[in-house]
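Okay, structure first, notes after.
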Amino acid sequence: MGKFKFLLVVVLALSLTTLFMGLGDSHARKFPWKPIKVIVPLGAGGSHDLNTRAVASVAYDYLGQPMIVQLMPGGGGKIAMHALKRAKNDGHTLLMSSASHLTIGPHVRKMGYDPLNDFEFVFMFTKADYMMAAMASQPWKGFKQFIAAAKKNPGKISYGSSGIYGTGHLMLLKIMADTGAKIKHIPFKGGGPAYRAGLGGHIDTFGALPATGGTLGRYRRGQVQILGVCSKKRIKMFPKVPTMIENGVDFVLASKRSIIAPKGTPKETIDFLVSAFKKLVKNKTYIKLLKKMGEKPSPLWGPALKQDFADEHAAFGKILASIGVKKK
Amino acid sequence: MIDQILEGVLLALTFKAIAMVAIGVFAGITVGAIPGLTGVMATAILVPFSFFMAPELGIPFLLGVHKGALFGGSIPAILVNTPGTPPAAATCLDGYPLAQKGEAKSAIQMALYSSTLGDTFSDIALIVAAIPIAALALKFGPADLFGLMVMGLTVISSVTGASVPKGIISALLGLLIGAVGFDAVTGSERFTFGYDTLQGGIGLVPLLIGIFAISEVLIQVEKKLTVLAQKPAIAHLKGGRSLKMKEFKESRRTIFRSSIIGTIVGAIPGTGSSIATFIGYGAAQRASKKPEEFGKGSYEGVAAAEAANSAVAGADLIPTLTLGIPGGGTAAILMGAFIAQGLRPGPSLFEENAVTMYAIFTLLLIGNPIMLVQGWLLTGLFAAVVTIRQAILIPCILLFCVVGGYIYHNHLGDVELALLAGLFGYMFRKLKFPLAPLVIAYIITPMAERSFKQALLLSGGDYTVFFTRPISLFFIILAAVILGLSIWRKPKVAAE
Amino acid sequence: MRKGSIIISIVLLGFSFFSYFYIIPTQIISSIPIEENTPAVLHPDFFPRLTVFILAIASVSLLIASIKFKTDEKTYGDDYKSAISRVVFVFFLSYLYVISLRYFGYSISTPVFMAIIIVLLGLRDWRYVIPTSLLFPLFLNYFFWYSFKVILPEGELFLK
């Protein structure tokens, strides 16, 4: 058995595998002609992942092809964004975006992509409004008293965020800027640990989403107080909770799940996806799944969606610039 | 109450429900045995399937996966020095030397028995004492977590191997590797050298695959070609004998101790099974009558690691179900599944859904004998891996490493990282540096540093917090005692 | 082994100095100015500096220990002969394989890589080489796709 036979192995292997690659690459194809890959820039099991899987579980009926969820949490999501940027813009590779990679990250670090011009904004499925919470046992009740207490003892009352430069941190920065109160910032790794430290009484205030960790139940039992919700209008689930705008803090923030596509994806393809997703969000199973997670669809598409991202990008840029964040 | 328990048990004892657990356990063992596919990922992938099942079928299915994966990870760890899941890294330390001696089968059986027992122990703890344990776990603030991590780091002192300076150097390098990525408090980038892959830190899975598995491959390819291409010398043993009753009996106390450690550490959210496993392993070595055998093929070592890591399976559900705060990655997904089934975790879960919950608990317990039977049937089959020619086995392991490194985050940069870690591990092992301190330091550092800084931020720079909080003080004293004992006992061990 | 220990401790000592004076100052980058009154412990470079400092001490003690005590350990049995060139070759081949995964994808690169390694390790029997290098990778690919919906690298050359 010499070199010749060895070479033969290689040739044989090559030819056989090309066979399996599938050579049928005809031209007149109607989108989608193969499974659609949706990249998730965050880790397994998070609300982002589960939201995407809820979409994927019913997507076949509307797209005619299965939807495959591909998790790429490496490098703080940067790797996922680059994978999308590099992907072929035929609509078969999409990404379920979260705010931090598009509207915060680029202000803080060199990301190597232009958040507003390198991608096509396709469709927003859901959003979860961000809230600020505290234990009900605190001596102060409600946002006004909280701020008064914080002003009385500058730097004594603490706030636990999901991480430095995360969405929750931005909320705190904006609150401090607009009210003049000084609050101690304690960064955690993810919203879960911060929430837990809040319930354990280790930190005074913390961020919360309506659905996660049984916030609603704790609020109803009077265990937790909600200081404010970062939405434009009061939300149905918490009708008595004032918005941050009512509190005098001009800040709107929601955890959004929007599909984006690489730049240059054909308009017909995007239109196809939008019309399919518009039908998908009315699917009973999908709504049921979301409801079980405590969420509901809030579809948005077209120029309005892009405007939404652009507004958030500008607003966050302003907050970060005011505290002297510079890209390096 | 009794009616509800009975009703729940009856709901659980259907063929369909038990079959779902069995399928879950089997899927879990398979997933666990594949490096790079972690239990977290597998449950995330399988969650949508459970959405379409009744709660008393869907949830036990996922719990089966959770259980199975923790045991499954030990199989490649023992056979080919490749931890199938991160916590199985501690199983490599003793399991692989056993397999090299031709005792793969008995080593896997030891892992199976101790996994099952550890799991059963923590399931019982979950059922009986969930609410008080959860209340205690919530009391752990940043300072207390730091205390716990300090105690965890003292484990290193017992796994330094023959040369103390080498063990310390290994741990220090682990600390440096753990520092790569974003600093939690200032958001600064540390040691990223401009590479995107390093921004989120060096991934646990690529690092473990690299330093354990790829380094092993590189060591193996040094063998003579004739040895590599022929059937291995231990092939006639067919993977070895069954575990002797005596060996099992000798490890009884170790299994019990590790089960308690795994249950306690697992119940504290955010600590994870890797940390529990190494604490259990270190404690076992310290208490063992034959500490010198650890790292060279000790059945007690395998038992300590596996009992601790499987004891996390039930324990991390404690805060998840009673407080609605996930105890770990997989628990977070399981919580999602519970919510999706209309079972909202929290203090009221047991009042509102008592029957369903008792059914789930029954199936959780039934899952253990099922795992035992499945593991028993599969052990011989798995152990036969050691009879494969190395010229075939080595490329297959290498392929598993590459694919495992890739599917971890769907990123080829991680595979490159794993290869580099492999080369590093190869040199490290050639120079007779122990790997365990590096891995422990790497796993514990980020959490220790973060909790330390959070505690100081909260106290306004006051260092006394670590001594005024009772939980933190308890762990720091415990750490000091352990260190003192190991210094006092060391010469004695060497003399034996 | 003694000589090896001396060399490695000198290398580690050098690495500690290099890290302390070069890597730590240049590779810890803060995008936001750290507040002036932040205690030194909270700075991102505190722990790395401390670690490197202790590393330097540990290297010195290893150096002293290896000069003072003669600890010759026999490393490996008879099965091994020094074959560093093969180790280097396997490593670089694996690296090449990962690069080719990026461009050519899993299905093409894997069988070639597997076949080369098997032959390199001295097995030239067709009955083993073909199934291992062809069927096993194929099985893995289908297994991951059908059970976990995981797509192995497709190759950028074919995607564009």
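The values are calculated or read from the model by the stated rules, or taken from the named source; none is laboratory data. If you're wondering where the values come from, they're calculated on a predicted model, not measured in any experiment. Every residue, glycine as well, gets a Cβ built from its backbone with ideal geometry; the counts of neighbours run over all protein chains shown.
Does the range C:45-68 include one or more residues that are touching a strand residue (DSSP E or B) at 6+ places or on another chain (Cβ under 6 Å) and at pLDDT 85 or above? Scanning the range C:45-68, I find at least one residue that is touching a strand residue (DSSP E or B) at 6+ places or on another chain (Cβ under 6 Å) and at pLDDT 85 or above, so the answer is yes.
Against the definition (crowded, with 22+ Cβ neighbours inside 10 Å, facing another protein chain (nearest Cβ under 7 Å) and over 27 Å from B:Tyr426 (Cα atoms)), how does C:Ser107 come out, yes or no? Yes; evaluated as a whole, the condition is true for this residue. Of B:Leu458, B:Leu398, all but one fail to be surrounded by fewer than 24 Cβ atoms within 10 Å (Cβ to Cβ) and of a type outside the set (S, T, N, Q); the exception is B:Leu458. Scanning the range A:58-111 for residues that are within 12 Å of chain B (Cβ to nearest Cβ), of a type in the set (Val, Ile, Thr) and part of a helix (DSSP H, G or I) turns up A:Val58, A:Ile79, A:Ile104, A:Val108. Being under 19 Å from B:Gly327 (Cβ atoms), modelled with pLDDT of 90 or more and either away from chain B (no Cβ under 12 Å) or in contact with a Phe, Trp or Tyr (Cβ under 8 Å, 6 or more places away or on another chain) (or both) is the filter here; which residues of the range A:199-210 pass it? Within the range A:199-210, just A:Phe206 meets the criteria. Applying the criterion of at least 1 residues that are within 12 Å of chain C (Cβ to nearest Cβ) to the helices (runs of 4 or more DSSP H) found wholly in the range B:364-468 leaves B:390-409, B:412-430, B:436-459. Considering the conditions (1) farther than 21 Å from A:Pro262 by Cβ; (2) touching a Gly at 6+ places or on another chain (Cβ under 7 Å), A:Asp129 is excluded by exactly one of them, (2). B:Ile318 meets each of the listed conditions (1) more than 14 Å from chain A (Cβ to nearest Cβ); (2) at pLDDT 85 or above apart from (1). Restricted to the range A:177-194, and to residues there that are buried (at least 19 other Cβ atoms within 10 Å of the Cβ) and of a type in the set (A, V, I, L, M, F, W, C), the residue that is farthest from A:Gly105 (Cα to Cα) is A:Ala181. Within the range A:180-194, residues that are within 21 Å of A:Ala149 (Cα to Cα) reach partners that are among the β-branched types (Val, Ile, Thr) and surrounded by fewer than 24 Cβ atoms within 10 Å (Cβ to Cβ) with beta carbons closer than 6 Å, at six or more positions or on different chains, in the pairs A:Ala181/A:Ile147; A:Ile183/A:Ile157. Only a single item in (1) more than 7 Å from chain B (Cβ to nearest Cβ); (2) more than 21 Å from the chain's Cα centre (by Cα); (3) of a type outside the set (Val, Ile, Thr) is not met by C:Leu96, and it is number (2).
In the range A:34-57, the qualifying residues are those that are within 7 Å of another protein chain (Cβ to nearest Cβ) and free of Cβ contacts under 8 Å to residues at least 24 places away in the same chain, and the one that is farthest from B:Val180 (Cα to Cα) is A:Arg53. Within the option set B:Gly194, B:Gly174, B:Gly147, being farther than 29 Å from B:Ile482 by Cα and either under 20 Å from the mean Cα position of the chain (by Cα) or among the small types (Gly, Ala, Ser) (or both) holds for one residue only, B:Gly194.
Kindly evaluate B:Gly314 against the criterion of being under 30 Å from A:Pro210 (Cα atoms) and in contact with a helix residue (DSSP H, G or I) (Cβ under 6 Å, 6 or more places away or on another chain). Yes, satisfied. Taking the condition over 23 Å from A:Arg218 (Cβ atoms) and free of Cβ contacts under 8 Å to residues at least 60 places away in the same chain, does B:Lys296 pass? Judged against the criteria, B:Lys296 is not a match. A search for C-beta distances below 7 Å between a residue of the range C:121-142 that is within 15 Å of B:Leu399 (Cα to Cα) and any residue that is at pLDDT 85 or above and of a type in the set (Phe, Trp, Tyr), counting only pairs 6+ apart in sequence or on different chains, returns C:Asn141/C:Tyr106. Note on the range A:112-166: residues that are under 19 Å from B:Leu458 (Cβ atoms) and assigned to a loop (DSSP other than H, G, I, E, B) total 13.
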